[in-house]
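Notes follow once the structure below has been shown.
The values are calculated or read from the model by the stated rules, or taken from the named source; none is laboratory data. As the structure is a computational prediction, the values presented were derived from the model and not from experiment. Positions of Cβ are backbone-derived with ideal geometry, glycine not excepted, and every protein chain shown enters the neighbour counts.
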Amino acid sequence: MLAALSGTPGTGKSNVSALLQKEGYTIISLNELAINQGFVTGIDTERNSKIIDIDGINDYIDGYYKTDDLIFIEGHASHLLKTADKVIILRCHPNKLKIRLEKKGWNQEKIKENIEAETIDVILCETVELQTEENIFEIDTTNKNNNSVLSSIVEIIKSNFEPTKKYKIGKIDWSEEILNEF
Ligand SMILES: Nc1ncnc2c1ncn2[C@@H]1O[C@H](COP(=O)(O)OP(=O)(O)OP(=O)(O)O)[C@@H](O)[C@H]1O
Ligand SMILES: [Mg+2]
């Protein structure tokens, strides 16, 4: 089973992936896989980020990683993989996300762009285009430390990705922040 672990940059995917790995789960970094297998098709110079051939890497993952075992694919584009069976989206309140991205040393323009994307639910909207609601889970990390985010993900795994009210999509709403100037 393939589970995509996505979320706006700064929501904590890499941090929690390291913890999941320590717990013995298999995690693949979409970015690293794209680099190693030649699915980077260019550089978005404006965003200073890699452009990934998402259909190409989707087919590659579908061919090599689709097994009965649970495998996580981590990255802010992983929800775009059609072959993913489940998608977990990490969320973070825009004010807190700003602090996390500043801590990462990102420039103001990039911070603003990502905060706006988080505010208007870009990743969730893209995910519902590809997945049915019961296969998508949202975790609000705003007031959780990394271990608590880990516990939430383990809870979802242990329940066999059964839909649950707790992580049901659509409960998180940062829309009151839309008019705020970041
Ligand atoms: N739950 C959390 N509580 C507090 N700080 C956090 C939490 N999760 C992540 N952070 C901090 O936010 C920053 C970004 O975290 P991280 O690099 O894991 O995000 P990411 O989602 O992997 O981002 P990217 O998409 O850029 O790889 C780091 O400084 C990290 O320590
Ligand atoms: Mg990361």
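When residue 179 is tested against the conditions (1) surrounded by fewer than 13 Cβ atoms within 10 Å (Cβ to Cβ); (2) more than 11 Å from ligand 1 (Cβ to nearest atom); (3) part of a helix (DSSP H, G or I), the lone failure is (3). Taking the condition under 21 Å from residue 159 (Cα atoms) and modelled with pLDDT under 95, does residue 66 pass? When the stated conditions are applied, residue 66 passes them. Under the condition of being under 13 Å from residue 89 (Cβ atoms) and assigned to a loop (DSSP other than H, G, I, E, B), the residues counted in segment 158-173 number 5.
Filtering segment 163-182 to residues that are in contact (Cβ under 8 Å) with a residue 60 or more places away in the chain and either under 13 Å from residue 120 (Cα atoms) or basic (Lys, Arg) (or both) leaves 172, 174, 177, 180. Filtered by the rule that a residue be within 14 Å of ligand 2 (Cβ to nearest atom) and within 9 Å of residue 141 (Cβ to Cβ), segment 89-103 gives 90, 92.
Does segment 137-157 hold any residues that are hydroxyl-bearing (Ser, Thr, Tyr), assigned to a helix (DSSP H, G or I) and touching a strand residue (DSSP E or B) at 6+ places or on another chain (Cβ under 8 Å), and which are they? Correct list: 152 only. Condition first: surrounded by fewer than 16 Cβ atoms within 10 Å (Cβ to Cβ) and closer than 21 Å to residue 122 by Cβ. Can you find one or more residues in segment 54-77 that meet it? Looking for residues that are surrounded by fewer than 16 Cβ atoms within 10 Å (Cβ to Cβ) and closer than 21 Å to residue 122 by Cβ, one finds at least one in segment 54-77, hence yes. Of all the residues that make up segment 70-102, how many are more than 13 Å from ligand 1 (Cβ to nearest atom) and of a type in the set (Ser, Thr, Tyr)? Selection size over segment 70-102: 1.
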